[in-house]
Amino acid sequence: MSIQWTFIAGYLYFEVAIVAIMMLPIASPRRWQQFFRSRLFAMFREHAAFYFYVLLGVLSLFLMDAVREMRKYSHTDSHVHLSTEMKGNVKLFRAQRNFYITGFAIFLAFVIRRLVTMILIQAELLEKSERIIREAETAKDLAKTTVLTQALQSAGDSNNVENLERLLLDEQNRVKELEEEVTSLKEQLNEAKCKLAERKSE
């Protein structure tokens, strides 16, 4: 195997290792987000699109070269000597091997790009959902405190038991509404996690 094809094969193995690491539950989406936004990754992130398209162009050139070699050695004359035919078959096998190596390298480049995008989206969704749940719980506690304070003031001013009961019922209804809202937000978060898991499995 020549130097350029050895390099492409090594790059393919490197891509397989990256995909395996990203698919394993080693780190959470937040950890991956911190890594992708770290100073170590910042220099690469600034020119990531340029590097991706340059690499894609180089791999496409090698892919076309492998296709050319396959077409060149796929049509062999049946009247040639056995040793010449064997040499042609060996060259055809090498061209096919180079074609598959380059094709899988291009495919995995798109897979890695898609995985990075989905991990970042999942991390952002987790942050948003947790922030919404915290805000809902804070609003629930604030409403509970406000209603109880109003109830105590009303009871102290008028000593009216019916007003106190009505205020307590209103407060319970508000608490139930806020709890239902928190439950629905948690369900939406679980649905978003399931959708992201389904997209990853695709």
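If the only charges are +1 at each Lys and Arg Cβ and -1 at each Asp and Glu Cβ, what is the size of the charge dipole of region 1-148 around the Cα centre, to the nearest 20 debye?
Values: 19 positive and 12 negative charges, 19 e Å.
Around 100 debye, computed over region 1-148.
Length gain on complete extension for the stretch Leu61 to Thr6, per 0.36 nm per residue less the alpha carbon to alpha carbon distance? Kindly include the intermediate steps, with their values, before the conclusion.
Numbers: separation 55, 0.36 × 55 = 19.80 nm, distance 1.55 nm.
Contour length minus the Cα-Cα distance gives 18.2 nm.
Counting only other residues whose beta carbon sits under 14 Å from that of Val175, what net charge do I get with K and R as +1, D and E as -1? Working shown, then result.
Numbers: positive: Lys140, Lys144, Arg174, Lys176; negative: Glu137, Asp141, Asp170, Glu171, Glu177, Glu179, Glu180, Glu181.
Once all neighbours under 14 Å are counted, the net charge is -4.
Spin-label point model (7 Å from Cα, Cβ direction): what's the Phe107 to Val54 distance in nm?
The two pseudo-label positions are separated by 2.7 nm.
Find which of Thr102, Gln122, Leu92 sits farthest along the positive direction of the dipole of region 80-131, computed with +1 on the beta-carbon of Lys and Arg, -1 on that of Asp and Glu, about the Cα centre.
Of Thr102, Gln122, Leu92, it is Leu92.
Pop out the ³J(HN,Hα) list for region 20-27 in order, Karplus 6.51 cos²θ - 1.76 cosθ + 1.60 with θ = phi - 60°, rounded to Hz; leave Gly and Pro as x.
Result, rounded to whole Hz: 5, 5, 6, 7, 6, x, 7, 10.
Between His47 and Arg31, what is the label-point separation in nm under the 7 Å Cα-to-beta-carbon projection?
Simple spin-label model gives 3.0 nm for this pair.
Counting only protein heavy atoms and a 1.4 Å probe, tell me what percentage of region 13-128's accessible area is made up of carbon and sulfur. Intermediate results must be reported in sequence, preceding the final value.
On the way: 5580 of 8310 Å².
Answer for region 13-128 is 67 percent, counting heavy atoms of protein chains only.
Tell me, what HN-Hα J-couplings in whole Hz come from the Karplus equation 6.51 cos²θ - 1.76 cosθ + 1.60 at θ = phi - 60° for each residue of region 6-11, using x for Gly and Pro?
5, 5, 5, 5, x, 5
The values are calculated or read from the model by the stated rules, or taken from the named source; none is laboratory data. Bear in mind that the values here come from a model prediction, so they are computed numbers and not experimental data. Please note: Cβ atoms are built from the backbone with ideal geometry, for glycine as well, and neighbour counts cover all protein chains shown. Accessible surface is based on the protein model in full, side chains and every heavy atom, while ligands, DNA and RNA are left aside. Shrake-Rupley method; radii C 1.70, N 1.55, O 1.52, S 1.80 Å.
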